[in-house]
Amino acid sequence: MPGIIDSHVHVNEPGRTEWEGFRTATRAAAAGGVTTIADMPLNSIPPTTTLVNLEAKARAAYAKTFVDVAFWGGVVPGNRHELRSLIDAGVVGFKCFLCPSGVDEFPHVSADDVRETLLELLPTKTVLAFHAEYERNEKTTRSTDNPELYDTFLRTRPDLMELDAVKLICDWCTKYKFRCHIVHLSSAECLTLINDAKARGAPLTVETCYHYLILTAEEIPAGSTEFKCCPPIRRKSNREQLWHGVKNGTLDMIVSDHSPCVPELKTRGNFLTAWGGISSLQFGLPLIWTAARTRGTPLSEISKLLSSQPARLCGLEDRKGNLSVGMDADFVIWDPEESLTVEADDIHYKNKLTPYQGRNLFGRVIATVLRGRYVFKDGKICDEPAGRLLLNADILKAIETR
């Protein structure tokens, strides 16, 4: 199949490289059949909100990547005039938050900030991606609630947070006719809003993640904070509705939202204070195939969801995401019938904590090919980094000469 394009990955280098770095993240990608990742603008220090900061991140990544790496820019209050220079440098688009992001250096934007940003970007062909949660102020937990229970955390991130945000995004997308993208949708209650916006001609795309299509709130044991992410994993009925949204095209793609951290931030057993993020960059293909094969989803649809649609989102469809003459020779070779068990010793990303530990999956990756060269084959990753930074020539030249 075409190599997988994971358009939602948090690498965290520089600044929080102990959480994840370009070398470890891209080795894990290669082992999972992923030939291109798009790095999100936050959780690294500095965040990718200015041209200078993008150069710092690109220097940190240079000559370390085992697969190709593209970069998202970030929208935060006050950086509107930085956005055109980031587009010129080659970012695939921009991401913003409508609620606190979880890190101080990437503050969330207001509705006024979004409108100003859209007006700034209207003449361009870029895309604005939204973390689709909008935070109200009402209290959703009681002091007597047990923070070790997943339901206690789930009540703090109700469906309403996503519904409020998605309604705003759909209205903006419809009004301005500007490309908007909703990242990591978890609430199936939003699907009707999304369908309606698309029917009105809104140039809207939406992703969901492996964990929302695989895991359910009912199965999460007390204290198992490796399952915590934002938006949260919801109930089984919600998961099945998301699968319906995948099948009918309401949801356009499936990505990892690989968002690791060091173990001490994750293993406290307290769902209210633990870091929210799930690491799964290496296992997307077998995770989705294991679930999809029981639902009658064909391989061609899997390839569309994991490869061609994310490539199109990132503006890479002229060289990535399908098997055509003239494209990059990026392939994943895999056996849909061969099984594997997720074990920490086999994980290549930096911090091994995962909610999939011990899970049996179908779809073993045999080899990953990047521009005609094996970067992973028969359980071994190539010795030297073969990936490229997908940025424009001027910024690459500046990095190489420093």
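Do we find a residue being under 28 Å from P231 (Cα atoms), open to solvent by 10 Å² or more (accessible area, probe 1.4 Å) and touching a helix residue (DSSP H, G or I) at 6+ places or on another chain (Cβ under 6 Å) anywhere in the stretch 75-90?
yes
State the number of residues belonging to the stretch 329-352 that are more than 21 Å from A25 (Cα to Cα), of a type in the set (D, E) and open to solvent by less than 60 Å² (accessible area, probe 1.4 Å).
The qualifying residues number 1.
All but one of (1) out of contact with any Leu (no Cβ under 6 Å at 6 or more places or on another chain); (2) of a type in the set (G, A, S); (3) closer than 19 Å to V69 by Cβ hold for A386; state the number of the condition that does not hold.
Status for A386: all satisfied but (1).
Count, please, the residues in the stretch 2-41 that happen to be in contact with a helix residue (DSSP H, G or I) (Cβ under 8 Å, 6 or more places away or on another chain) and on the phi > 0 side of the Ramachandran plot.
Counting residues in the stretch 2-41 that are in contact with a helix residue (DSSP H, G or I) (Cβ under 8 Å, 6 or more places away or on another chain) and on the phi > 0 side of the Ramachandran plot gives 1.
So if I check each of E264, E207, which one is of a type in the set (D, E) and in a helix (DSSP H, G or I)?
The conditions single out E264.
Would you be able to say whether some residue in the stretch 205-214 is more than 26 Å from S110 (Cβ to Cβ), among the aliphatic types (A, V, I, L, M), open to solvent by 10 Å² or more (accessible area, probe 1.4 Å) and under 19 Å from the mean Cα position of the chain (by Cα)?
Yes, that holds for at least one residue.
Quickly run through the stretch 179-199 and pick out the residues that are more than 21 Å from the chain's Cα centre (by Cα) and either among the hydroxyl-bearing types (S, T, Y) or within 20 Å of K125 (Cα to Cα) (or both).
Hits for the stretch 179-199 are T192, A197, K198.
Name the single residue, out of those in the stretch 147-178 being surrounded by fewer than 19 Cβ atoms within 10 Å (Cβ to Cβ), in contact with a Leu (Cβ under 9 Å, 6 or more places away or on another chain) and among the aliphatic types (A, V, I, L, M), that is farthest from T267 (Cα to Cα).
L168
Report, ordered by the first and then the second residue, all pairs with beta carbons closer than 8 Å, sequence separation of six or more or different chains, a first member in the stretch 371-391 that is within 26 Å of A56 (Cα to Cα), and a second member that is of a type in the set (D, E, K, R) and in a loop (DSSP other than H, G, I, E, B).
Listed pairs, sorted by first residue: P385/K64; A386/R371.
The values are calculated or read from the model by the stated rules, or taken from the named source; none is laboratory data. As the structure is a prediction and not an experimental result, all values here were calculated from the model. A quick note on method: Cβ atoms are made from the backbone with ideal geometry, for glycine too, and the neighbour counts reach across all protein chains shown. All accessible areas refer to the heavy atoms of the entire protein, side chains included, with ligands and DNA or RNA removed. Shrake-Rupley method; radii C 1.70, N 1.55, O 1.52, S 1.80 Å.
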